[in-house]
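Here's the structure we're looking at; comments come further down.
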Amino acid sequence: MASKQECLLENGTSSEDEVHHGRTPRQLSASALRKKSDPTLPNSVQNGHLRELLVNLQVVLLGTKLSVLLPTIPLSIFAVYYGFGKPWIFTLSLLALTLLAERISFLTEQISYYTGPTVGGLLNATFGNATELIIAISALSQGKVALLKYSLLGSVLSNLLLVLGTSLFCGGLANLRREQKFERRQANVNSLLLLLGTFCHTLPMLLQYAGDSAVTKDQTLQFSRAISILMLLSYIAFMFFQLWTHRGFFELQQVSEVDGDDDVEEEVAEIGFCSGFAWLFAVTAITALLSEYVVGTIEDASKSWGLSFSFLSLILVPILGNAAEHAGSIIFAFKNKLDISLGVSLGSATQVAMFVAPCCVVVAWIMGINMDLNFNVIETVSLALAVITTAFALQDGTSHYVKGLVLIFCYIVIGICFFVFETPVGEYSETLQTPPNPCQFP
């Protein structure tokens, strides 16, 4: 009994709380914005198949507080086919992606109820940053490599500095009279992976300054492709570490406050297994379509609003793309559940840096597009400073609002930097670079 209470206090959880295992921090974070559906209308339908369809529609489309954004999905498609201004298409599509990203998380969670924690963890690892991955593939297909790099970098920076900083700041203010603690082992492992990612992003950038010999772009490209494979292998090892050998480090606790009653309602699946996969496919397809709209209109939106392209793609797109997950992280920080908040921010940043970014390099290689891991000097230095600052802030396993405030200020400084920094037009409208065909005559 004493050991259980000690464990709860170590994780920043009071002994009066009920603990349930099995759901990942990101699933718990996204669930903070969900709402229960009223089954009255579907249950009044006599036909079984029609009733099941209505239940699925109600759960998937209206089972979230972000359902107010549902009209933006048809409005985005309507705006494209009727020739609305591109800034309008960009805004509507980006708002729709906010809703769709949350729904992908929900559907992944529903499927994991049937597959068990290990397969569910793999699903979460695959679809956890599905929005970023889909936008990345869309940008690659249109040859906009710089846009892809900015969106990936922006996702890592927003998770490490904005989301984590806001969570620590709000959690510290809401719990001024007690010390906030979190599981250091999880934070240390994620920080180590992020430092490895920074290492792999820094060396390709430094190659151009190495010695007296001129390093060609082709050499940097080949080096980036090689270390991208190593980064993917390290992420696979990390997943094996997280899901099998050291699951206890990451199997964070879902805490439900008990008001004098020991019986807490268990979470159950709201839709069927096959229905979950069908809806996941449909939502992913719509996300891919709207990502095409965002990628195709971001340059016009940048010119129309007078904002630098780098600021728009580095700051605005990542924030709105994962707004639901970020909001949930902050909500749990208010409740003194920092393990969940850290699991969301650090887990997402690690996945983007160590899986999505090298995966994009490999996919670009397959597509015949020259994408490397050289994110340029300012961008790479911003990433390195963000990772180092975050690692220092989390090294002692405790938190207070000043740590969060420092991380937020770091993010504001980077935001101001890229608000002022104008990317030359030629750098972000890159064309597809396919290798020449030796059989083709000049």
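Which entries of LYS65/LYS337; LYS86/LYS149; LYS149/LYS303; LYS144/LYS217; LYS217/LYS403 have Cα-Cα distances beyond 29 Å here?
Distance filter (> 29 Å) returns LYS217/LYS403.
If I ignore ligands, DNA and RNA and count only protein heavy atoms, how much of ILE286 is accessible to a 1.4 Å probe, in Å² to the nearest 10?
For ILE286, solvent-accessible area is about 60 Å².
Per-residue HN-Hα couplings for region 381-388, Karplus 6.51 cos²θ - 1.76 cosθ + 1.60 at θ = phi - 60°, whole Hz, x for Gly and Pro?
Calculated HN-Hα couplings, in order: 5, 4, 4, 5, 5, 5, 5, 5 Hz.
Applying a 10 Å radius around every beta-carbon, put 372-380, 269-277 in order of their mean neighbour count, most first.
My ranking of the peptides, most packed first, is 372-380, 269-277.
Just to make sure I understand: if all protein chains stay in place, what is the order of TRP244, TRP88, TRP305, TRP279 by accessible area at 1.4 Å, largest first? Could the numbers behind the result be given before it?
Details: TRP244 130, TRP88 165, TRP305 105, TRP279 50 Å².
Listed by decreasing accessible area, they come as TRP88, TRP244, TRP305, TRP279.
Between THR398 and ARG178, what is the label-point separation in nm under the 7 Å Cα-to-beta-carbon projection?
1.5 nm
Measure off 7 Å from each Cα along the Cα-to-Cβ vector at GLN222 and LEU405, then give the distance between these two points in nanometres to one decimal.
In this crude spin-label approximation the distance works out to 5.3 nm.
Using a 10 Å cut-off on Cβ atoms, rank the peptides 311-319, 63-71 from the highest mean neighbour count down.
311-319, 63-71
How high is the relative contact order of region 307-413, in percent, counting Cα pairs under 8 Å that sit 6 or more residues apart?
11 percent
Below 8 Å between Cα atoms, with a sequence gap of 6+, how large is the relative contact order for region 272-346 in percent?
So the answer I get is 16 percent.
The values are calculated or read from the model by the stated rules, or taken from the named source; none is laboratory data. For clarity, every value in this text was computed on a predicted model and none was experimentally measured. Cβ coordinates were reconstructed from backbone atoms using ideal geometry, including for glycine residues, and neighbour counts include every protein chain displayed. In case anyone asks, the SASA skips ligands and DNA or RNA and just uses the protein heavy atoms, side chains included. Shrake-Rupley method; radii C 1.70, N 1.55, O 1.52, S 1.80 Å.
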